[in-house]
Amino acid sequence: HRLRTKDTRLSQYNQTEIKAMLGSYTKVLFIRHPFHRLIATFLQGMGINPSFSSFIQEVLDSGMHNGSVAWKPLVSLCQPCLVQYDYVVMFGFLRHELDHLLRRAGLPAGSLLTELTDSQVQWTYKWLSEQMFSELSAQQKKQLARFYRQDLAAFLFPGSLLSE
């Protein structure tokens, strides 16, 4: 019987253990628009050097299998077609969704949360996205659409940043 830690992956367990865990746990998947994940990773790790366009080219060149968990497609990381999640919570709607989850767990809504301002987060990412994605070539935009096609099909992310 293995000790479960936050770093233990589901794939490290045998089929019986996996089935027991998936059957008894409440499964919550927190998702974020893949392009917002790219922007956050770029800003956290690099800032302005190299350019956003150069960073995106590095992501595309790394491919799906060699890329960082920070930008790999969610479908490849979380297997939403294989694992039946009880909740899918989208970044930008955290306040509303977490209140619901807390109530379901028998806790008072908002009891553990600092004040989240989802609308400000959404507005900021919309503005940042428009600015940063305007730097990308038409070819890079096409490649990103292909790279994240499964995520964009699996989750109802608002609007595309890839249109010319």
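Observations on the model:
- For segment 8-82, alpha-carbon Rg relative to the globular expectation (2.2 N^0.38 Å, N residues): 1.40
- Debye log10 I(q)/I(0) for segment 10-154, one point scatterer per Cα, at q = 0.09, 0.18 Å⁻¹: -0.37, -1.16
- For the pair Ser54 and Leu82, the difference between a 0.36 nm per residue extended length and the Cα-Cα distance amounts to 6.7 nm.
- Projected label distance in nm at Asp61 and His100, using a 7 Å step from Cα toward the beta-carbon: 4.2 nm
A short reminder: the numbers here are calculations on the coordinates, not readings from a lab. Since we're looking at a predicted model, the values are computed, not measured. FYI the Cβ positions are ideal-geometry reconstructions off the backbone, even for glycines, and counts take in every protein chain you see.
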